[in-house]
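The values are calculated or read from the model by the stated rules, or taken from the named source; none is laboratory data. All values reported here derive from a predicted model rather than from experimental measurement. As a convention, Cβ positions derive from the backbone with ideal geometry for all residues, glycine included, and neighbour counts pool all protein chains shown. Surface areas here come from the heavy atoms of the whole protein model, side chains and all, with no ligands, DNA or RNA. Shrake-Rupley method; radii C 1.70, N 1.55, O 1.52, S 1.80 Å.
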Amino acid sequence: MLNTVKPKVTLVGAGPGDPDLITLKGVKALAEANVVLYDALANEEILEYAPKNAIRIFVGKRIGNHAYTQDQINQLIVDNALTYGNVVRLKGGDPFVFGRGSEEIEYVESFGIPTFVVPGISSVIAVPAYQGISITKRGVSESFWAITGTTSDRKLSSDVALAAQSSATVVILMGMSKLSQIVALFQKESKGEIPIAIIQNGTTPEEKVGIGTINTIQQIATKNKLGSPAIIIIGEVVRESSKLKGFYEEFVSNKIQL
C-alpha cells in the first residue's frame, strides 16, 4: 500500500505569553495540524486552536530541565511529519528570535520536507510595551540591542559588554542567571544610575515587575523574588514609561524602601 501522507512543517510563533497575541495566520496553521510540538514558553491555551484529535507533544526547555535535546526535537519534527503529515512547531515569541527556528528548518529541509514560517510577536518588543516602555523614543533612544543573556555554552554573551558602552536601549532575554555580571559590566561603564526594569512572565496574569537602577536592581530582584523567564530592559526609556513613571519617581526619591 502506497504511503499517501504528505509531510509538511510550519514553524509558528506563539507570541510573548498572552494567548490572544498569536497571529491569525498562526491560528489557521494550528487548525490544520495533525501534530503540534510546543515549547515551554508557548501558552498551552493556544493548543485549543488545534483539532481535538491532533497529537500534542511537549518539547519545552527550562533551565536544568530539558524534555528533549535540540537534536531529539529536530528528529521528532521529521519523524512526525513523515508519519502523520502536517506538523506545526509552536515556539514562544518569534521562531527566529533566539528560538533556534532556522536550525530546525534547515534540518527538516534536508529531508526534502516542505517548510513554512509564521512569524510571531517577539517578547523583545511586546513585554516592554505591556508596561508602557517604548524601546525606542524620539529624543531618548535611537536604537536598541536585543541580546541573549546566556549563550549555548552557558556563558554571558560578549555583546552585553559592547551594549553597555552605547546609548541604546538594551533588552536582554534569558539573562536572570547572569544578572550580577550584567550589573558589573554597566557599572564598569559608570552607568550605575541607568534605569532598569525586569519583567517576569510578561503579558500573562502571572506578570511581575521590578524597577530601579543598575546599582539597586539585584536587591529589588531578590526582594520581589524575580526569576526566569524574564526580560531585562536597560535604558532611559524605562524612566519614560507612562505606566511606570510614578513608581520610578517614587523609587528615585527614596520614598520606596528596599
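Report the net charge of residues surrounding GLU32, where surrounding means a beta-carbon distance below 13 angstrom and charges are Lys +1, Arg +1, Asp -1, Glu -1. Here the charged neighbours net out to +4. The label-point distance for LYS61 and LYS208, in a model that sets each label 7 Å from Cα toward Cβ, rounds to 2.4 nm.
Binning the C-alpha pair distances of segment 76-209 at 10 Å intervals from 0 yields a P(r) profile of 10, 33, 31, 17, 8, 1 %, listed from the shortest bin outward. Just report the Cα centroid separation between segment 68-104 and segment 107-140, whole Å. Using only Cα atoms, the two centres lie 17 Å from each other.
Rounded to 0.05, the FRET efficiency of the SER180 and GLU142 pair, given R0 = 25 Å and the Cβ-Cβ distance, is 0.30. Positive end of the dipole of the chain (Cβ unit charges, origin at the Cα centre): among VAL36, SER190, SER241, the Cα lying farthest that way belongs to SER190. Using θ = phi - 60° in the Karplus curve 6.51 cos²θ - 1.76 cosθ + 1.60, the 3J(HN,Hα) couplings for segment 18-28 round to 5, x, 6, 9, 6, 6, 4, 5, x, 4, 5 Hz; x is entered for Gly and Pro. Here the peptides 105-118, 192-205 are ranked by packing, the mean other Cβ count within 10 Å, and the order with the highest first is 192-205, 105-118. Give me the net charge for the shell around GLY202: Cβ to Cβ below 15 angstrom, other residues only, Lys and Arg +1, Asp and Glu -1. The answer is -3.
For segment 87-217, a crude dipole built from +1 on the beta carbon of Lys and Arg and -1 on the beta carbon of Asp and Glu, taken about the Cα centre, is about 320 debye to the nearest 20. Here the Karplus curve 6.51 cos²θ - 1.76 cosθ + 1.60, taken at θ = phi - 60°, turns the phi angles of segment 31-38 into couplings of 5, 9, 6, 8, 9, 10, 9, 10 Hz, with x standing for Gly and Pro.
Taking a label point 7 Å from the Cα of ASN224 along the Cα→Cβ vector, which residues of segment 155-182 have an amide N closer than 17 Å to it? 170-180, by backbone N distance to the label point. Of LYS91/LYS191; LYS137/LYS208; LYS28/LYS223; LYS191/LYS243; LYS8/LYS155, which pairs sit farther than 32 Å apart, going by alpha carbon to alpha carbon? Pairs exceeding 32 Å: LYS91/LYS191; LYS28/LYS223; LYS8/LYS155. How large is the charge dipole for the chain, taken about the Cα centre, if only the Cβ atoms of Lys, Arg (+1) and Asp, Glu (-1) carry charge, to the nearest 20 debye? That gives a dipole near 320 debye.
Placing a pseudo-label 7 Å from each Cα along the Cα-to-Cβ vector at LYS28 and THR4 gives an inter-label distance of 2.6 nm.
Normalised by 2.2 N^0.38 Å, where N is the number of residues, the alpha-carbon radius of gyration of the chain equals 1.11.
Phi-derived couplings, Karplus 6.51 cos²θ - 1.76 cosθ + 1.60 at θ = phi - 60°, listed residue by residue for segment 94-110: 10, x, 9, 10, 6, x, 6, x, 5, 5, 5, 4, 4, 5, 4, 5, 5 Hz, with x used for Gly and Pro. Return the percentage of antiparallel bridges among DSSP beta bridges fully within the chain, rounded to the nearest 5 %. In the chain, DSSP labels about 45 percent of beta bridges as antiparallel. Find out how many positive minus negative residues lie around PRO119, taking Lys and Arg as positive, Asp and Glu as negative, among other residues whose Cβ is under 10 Å from that of PRO119. Result for the neighbourhood of PRO119: 0. Expressed as a whole percent, the accessible surface of the chain that belongs to carbon and sulfur atoms is 52, based on a 1.4 Å probe.
In the chain, the calculated helix contribution to ellipticity at 222 nm averages -8000 deg cm²/dmol per residue, counting -39,500 (n - 2.57) for every DSSP H run with n ≥ 4.
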